[in-house]
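The values are calculated or read from the model by the stated rules, or taken from the named source; none is laboratory data. The structure displayed is predicted, hence computed values, not measured ones. Please note: Cβ atoms are built from the backbone with ideal geometry, for glycine as well, and neighbour counts cover all protein chains shown.
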2 protein chains.
Amino acid sequence: MAESLQIQLKKGVLEMCVLALLSKGDNYAYDIASRMAEAVGMGEGTIYPLMRRMQNDGLVTTYLQESGSGPPRKYYKLTKAGATALKAQISDWVAFEIAVRKILGEVT
Amino acid sequence: MAESLQIQLKKGVLEMCVLALLSKGDNYAYDIASRMAEAVGMGEGTIYPLMRRMQNDGLVTTYLQESGSGPPRKYYKLTKAGATALKAQISDWVAFEIAVRKILGEVT
DNA sequence: AATTGGTATCTTGCATCACAAGGTATCGTG
DNA sequence: CACGATACCTTGTGATGCAAGATACCAATT
């Protein structure tokens, strides 16, 4: 376990979840945020900086599309690099999960 | 899933692991840090503020003990409140784990 | 036509906190 | 006595999640 915890936890989980959602189909921030809010309690204000960072990192690309019910949506699409990052982050996450379970041990 | 992600992730995991270690016996910061470093890559500089916070929160108490090999060690001992917090945090963690696995879905 | 409420974008200020790096002190060994 | 290991702790930095709010579009009610 060489990497810093920060990478595993902070950059890791949220980004990984968003990448996982996008791997099932393009989506826009508001909807992603809603799903994440329901699933893990993420706040809406968190998603936009995160998406911008992921775009800067080349993990996603964007395109605009009319919605018919509100302002146009900015859809995010996974790139090849994004898919690769997703795989790596999942394997990191699984390793982290195992490490934590080991620490918890019989306490669980 | 009402609580903020921050609580689940940041305050959560590290504190939970430390509490779990202490539930198996009193221990001192340097040793805890070593174990955590090996297990999840936590840095040593992280442990001392964390322990102080946990002490302020009444989750642990401390006592000094000579070591024979270096300066005296400050042992931390789990309080009743600490044990209660540990249980709650484990159940939060398990729920979080499940939520993440659900998001990852078949991608895993 | 004006207001409300839901959708959807984004910004700002704040607080938290893990980390790296450094500082201090004790002990045993070469 | 110097060195490395043990063990404590502090400081500064950077990252980032969050709450709150600003902006704007659309549909439906008033």
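Annotations
- When we screen A:Arg52, A:Arg101 for residues that are part of a helix (DSSP H, G or I) and more than 14 Å from the chain's Cα centre (by Cα), the only hit is A:Arg101.
- Only listed residue being outside any helix (DSSP H, G or I) and either within 14 Å of chain B (Cβ to nearest Cβ) or in contact with a strand residue (DSSP E or B) (Cβ under 6 Å, 6 or more places away or on another chain) (or both), chosen from A:Thr84, A:Thr61: A:Thr61
- Qualifying residue in the stretch B:38-47 (condition: modelled with pLDDT of 95 or more, within 14 Å of chain A (Cβ to nearest Cβ) and either on the phi > 0 side of the Ramachandran plot or assigned to a helix (DSSP H, G or I) (or both)): yes
- Among the candidates A:Val60, A:Val40, the residue that is surrounded by 13 or more Cβ atoms within 10 Å (Cβ to Cβ) and in contact with a Gly (Cβ under 9 Å, 6 or more places away or on another chain) is uniquely A:Val60.
- The number of residues in the stretch A:52-64 that are in contact with a Phe, Trp or Tyr (Cβ under 6 Å, 6 or more places away or on another chain) and either among the aliphatic types (A, V, I, L, M) or on the phi > 0 side of the Ramachandran plot (or both) comes to 1.
- Restricting attention to the stretch A:20-32, the residues that are within 19 Å of A:Asn56 (Cβ to Cβ) and within 13 Å of DNA strand D (Cβ to nearest atom) total 2.
Okay, residues lined up against (1) under 25 Å from B:Met36 (Cα atoms); (2) within 13 Å of DNA strand D (Cβ to nearest atom); (3) polar (S, T, N, Q):
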position	(1), (2), (3)
A:Asp57	no, yes, no
A:Glu66	no, yes, no
A:Pro71	no, yes, no
A:Tyr75	no, no, no
A:Ala83	no, no, no
A:Gln89	yes, yes, yes
A:Phe96	yes, no, no
A:Ala99	yes, no, no
A:Leu104	yes, no, no
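- The number of residues in the stretch A:14-36 that are more than 8 Å from DNA strand C (Cβ to nearest atom) and either modelled with pLDDT under 90 or outside any helix (DSSP H, G or I) (or both) comes to 5.
- Scanning the stretch A:63-86 for residues that are among the charged types (D, E, K, R) and loosely packed, with under 13 Cβ neighbours inside 10 Å returns A:Glu66, A:Lys80.
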